[in-house]
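The values are calculated or read from the model by the stated rules, or taken from the named source; none is laboratory data. Everything numeric in this text was worked out from a predicted model, so none of it was measured. Glycine gets a Cβ as well: all are built from the backbone with ideal geometry, and neighbour counts include every protein chain shown. In case anyone asks, the SASA skips ligands and DNA or RNA and just uses the protein heavy atoms, side chains included. Shrake-Rupley method; radii C 1.70, N 1.55, O 1.52, S 1.80 Å.
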There are 2 protein chains.
Amino acid sequence: MTKSFLARAALLASAPLLLASAQPMMMPPVDDKVAELRDAALDDEMAWDILETLTTEIGPRLGGTPAEARARAWSVERLTAMGFSNVRVEEFQMDTWVRGEERASIVAPFPQDLVVTALGNSGSTNGELTAEVVGYDNFWDFAAAPAEDVAGKIVYISHAMPANQDGSGYGAYGVGRFVGPNMAAQRGAAAILVKSIGTDHNRTPHTGNTNFQDGVTPIPAGALSVPDGEQLERVLERGRPVTISLTLTSRRIGMQTSGNVIAEVPGRDPDAKKVLVACHLDSWDNSPGVFDDGAGCAIVASAAKRIMDAGTPARTIQVVWFGAEEVGIHGGADFAERHNGTDYHLVAESDFGADRIWKIDTNLGEDRKAETDALRAALYPLGIVPGSYEAAGGADIGPLMREGAPGIGLRQDGTRYFDLHHTSNDTLDKVDPAQLKQNVAAWTAMLAVAAGPVE
Amino acid sequence: MTKSFLARAALLASAPLLLASAQPMMMPPVDDKVAELRDAALDDEMAWDILETLTTEIGPRLGGTPAEARARAWSVERLTAMGFSNVRVEEFQMDTWVRGEERASIVAPFPQDLVVTALGNSGSTNGELTAEVVGYDNFWDFAAAPAEDVAGKIVYISHAMPANQDGSGYGAYGVGRFVGPNMAAQRGAAAILVKSIGTDHNRTPHTGNTNFQDGVTPIPAGALSVPDGEQLERVLERGRPVTISLTLTSRRIGMQTSGNVIAEVPGRDPDAKKVLVACHLDSWDNSPGVFDDGAGCAIVASAAKRIMDAGTPARTIQVVWFGAEEVGIHGGADFAERHNGTDYHLVAESDFGADRIWKIDTNLGEDRKAETDALRAALYPLGIVPGSYEAAGGADIGPLMREGAPGIGLRQDGTRYFDLHHTSNDTLDKVDPAQLKQNVAAWTAMLAVAAGPVE
């Protein structure tokens, strides 16, 4: 069978909008050992145990806080007990922000409380702030509006974020949180509230970092829960002046210690480039951080342990549980300063929840196409479709990749990720054990190919 | 605010796996008239009425059959009554295949009936065929197996197709249907059965075209429903010889007439390149073809009608309801022979159900980036994320695009599309009217930008 017949067959099979993804493929046979390791991991119990223990015994672990330090100590103990080599912490210092009191109420015309949470890096109201609200349907309407409309007011920004499997709504609609506060501060607003960057309809607001440019004084910046945002919108639509009182007493506590936890499976060839698998150990302070990102740590460590238990891989596998990701990707930046991206054969990060992997993206380059196809073939029986040859990524591994480390993206189903993301609802009951196991199987198969052969 | 700050903010906002889609955007303000047309279309009732009428009064309409001819006559009447200009049919001839009897049973070791349907272009069993079954987990396992294993046998091919929002499972796992029968015929198999290329668990098998290379004699080729496929797999796993009897008496009825239905909204400038919006009018013979593709015809015609009712666009809008897509994209090929891809400013096709549009892909090129951004901005309030600048497509418009017509893809949510696709379950009750309206709003906004301004 020729490739051109495959292409014609795909075309004539009437895959209307799908021709781009219906590219003809030739999947090579999968190595027996790889298949065996992959299929055994579908019965994995290790990842659940790591995740349950971390999120029960440590709970929330905000970057730079004592809770995150407890998480590091727990991690060193756990990874050592699992038999990993060179288990260690690389500490770093970071300017640290912490949450304070959080209250919001509509004062007029229809007095009622609203559920609010502060965004990371929010300024403080220093007590209670009361001001008129000016609302916008989305960030771009705010950006196009006259700057003088918001001076002294509380800006409110809504959005139309959808729940997409690839999580693409976050980038497109999160901009109100990412840069809305900075713009509102530049325009002299008293404060800003955004509708939570989320896809749920629970009264659980979504926190998350925002950033102010150098020279811009941070203003109080909060997120209303999605139902509270919609309630405020209905009030604003009545056309009468709306006044809100807001209390957000978050503050900075100066330089604190965070760190990256590192563990290794030594490879047979000490000169071979390493394979790095990552997650971030820190979480926001309002939940035990199960989907974000305890699950990622559990998945990558369990997969590496399965390789270790099966023998010795050709390449050293480095497991990195990064610190202080949520509050500014501090761990990723520190790691890239100490290590060299070109020392890595492949880097990959699990940081998108605990639901199944649906696609594999890579950027290994044309000269590693055979390895890429072997990775695709190994994952194909798990229902994982081949994605891009030119895309990969992850927050913490981003700095290493900019230094030249090739990457791989095992894309998780994000359909419900932004229901939970950065809310108090990010708890263990949300994990589907079968999907968690599929993740471990995919990461195990990936490592068996990329760091293998295991002997 | 600078683009680089936007990029940095997106990075620091900790969008871990999402940085690729969190590309900084600058959304231009949306023209008031475009926004007005878009928002009014959220109350559209026209698309539902077209869809309900076509699928009730015509029902199934296989390419080349009298049912498809009735659909064309109905379409001319309907589009004329709606006020479109130059309503006409471009007929063409096509070699036509029709379904016959369809029965399958396990004869041994555990006698029981299986639910089967023939694939388009299947050969006939000429009565009842009984043979031993040899099964494979997926197409690539079959491709890698020794050719002699299947001579005289019935090949069975399974797959692990997932339900993905972008429909990517179809391309990756549909290969068993697309080219499995050809390979089985080349290897001397008596017949082939595939697990339905679908994501449901109903006893409604999925038909769909397959193709045999020139010189390869078609063998009987059918699809078991997903539950029947899984049942057969459990039987095969017992390790005893499994015999199936199969009856598929499909046949070819020679050259028959099909055609494309064309209607226009004349633009102010007769020399301006046209905008083409398309769907396919034909369906498979086992359902009234609601998701595939009555909905597409209803959506594009309703959007064009809304532009027509609002005034006159700058460019002529051509609405094309293609014929005989399912059975080989005959209408698209005929249209591209008669028309010239370079006469089109933009071509677009709706052929992925009735669920909401979640992403806009384009390939309008660097010199039309302002128009592309205007399209993205117009759709943003509908929860539609910006996608690729370099991808677009559709089965029927594919030939025009290969001639140089720029394209746009308004990507619909395909999460449940392959539950229904090519099954008897593709019926009107599956349509969510709110999502159908969102489609009409998106297509109306797209036309208001691409064919506008409307005066």
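Restricting to the range B:139-157, give me the number of residues that are within 29 Å of the chain's Cα centre (by Cα) and open to solvent by 10 Å² or more (accessible area, probe 1.4 Å).
Number satisfying all stated conditions: 3.
Taking the stated definitions as given, is B:D419 surrounded by fewer than 24 Cβ atoms within 10 Å (Cβ to Cβ) and in contact (Cβ under 8 Å) with a residue 60 or more places away in the chain?
Answer is yes for this residue.
Inside the range B:366-402, can you point out the residues that are facing chain A (nearest Cβ under 7 Å), over 18 Å from the mean Cα position of the chain (by Cα) and closer than 25 Å to B:D293 by Cβ?
Passing the criteria: B:L382, B:G383, B:V385.
For residues that are open to solvent by 10 Å² or more (accessible area, probe 1.4 Å), more than 14 Å from chain A (Cβ to nearest Cβ) and not charged (D, E, K, R), tally how many sit in the range B:310-351.
9
What is the one condition in (1) free of Cβ contacts under 8 Å to residues at least 40 places away in the same chain; (2) within 26 Å of the chain's Cα centre (by Cα); (3) away from chain A (no Cβ under 12 Å) that B:Q213 does not satisfy?
Status for B:Q213: all satisfied but (3).
Test each condition in (1) surrounded by 24 or more Cβ atoms within 10 Å (Cβ to Cβ); (2) in contact with a Lys or Arg (Cβ under 9 Å, 6 or more places away or on another chain); (3) farther than 22 Å from B:P313 by Cβ for B:G414 and report the one that comes out false.
If we test B:G414 against (1) surrounded by 24 or more Cβ atoms within 10 Å (Cβ to Cβ); (2) in contact with a Lys or Arg (Cβ under 9 Å, 6 or more places away or on another chain); (3) farther than 22 Å from B:P313 by Cβ, just (2) comes out false.
Applying the selection to the range B:381-431, what residues are assigned to a strand (DSSP E or B) and of a type in the set (A, V, I, L, M, F, W, C)? Explain how you work it out, then say what you get.
Let us first name the residues in the range B:381-431 that are assigned to a strand (DSSP E or B), namely B:385-386, B:407-412.
Selection gives B:V385, B:I408, B:L410.
Would you call B:Q256 closer than 22 Å to B:I408 by Cα and part of a strand (DSSP E or B)?
Answer is no for this residue.
Condition test on B:W140, is it more than 18 Å from B:P218 (Cα to Cα), within 14 Å of chain A (Cβ to nearest Cβ) and either in a strand (DSSP E or B) or of a type in the set (F, W, Y) (or both)?
Details: more than 18 Å from B:P218 (Cα to Cα): yes; within 14 Å of chain A (Cβ to nearest Cβ): yes; either in a strand (DSSP E or B) or of a type in the set (F, W, Y) (or both): yes.
When the stated conditions are applied, B:W140 passes them.
Restricting attention to the range A:36-61, which residues are surrounded by fewer than 21 Cβ atoms within 10 Å (Cβ to Cβ), not aromatic (F, W, Y) and not in a loop (DSSP other than H, G, I, E, B)?
Once the filter is applied, which keeps residues that are surrounded by fewer than 21 Cβ atoms within 10 Å (Cβ to Cβ), not aromatic (F, W, Y) and not in a loop (DSSP other than H, G, I, E, B), the range A:36-61 yields A:E36, A:D39, A:A40, A:M46, A:D49, A:E52, A:T53, A:T56, A:E57.
Tell me whether the range A:394-414 contains one or more residues that are modelled with pLDDT under 95 and within 23 Å of A:M161 (Cα to Cα).
The answer is yes, given that some residue of the range A:394-414 is modelled with pLDDT under 95 and within 23 Å of A:M161 (Cα to Cα).
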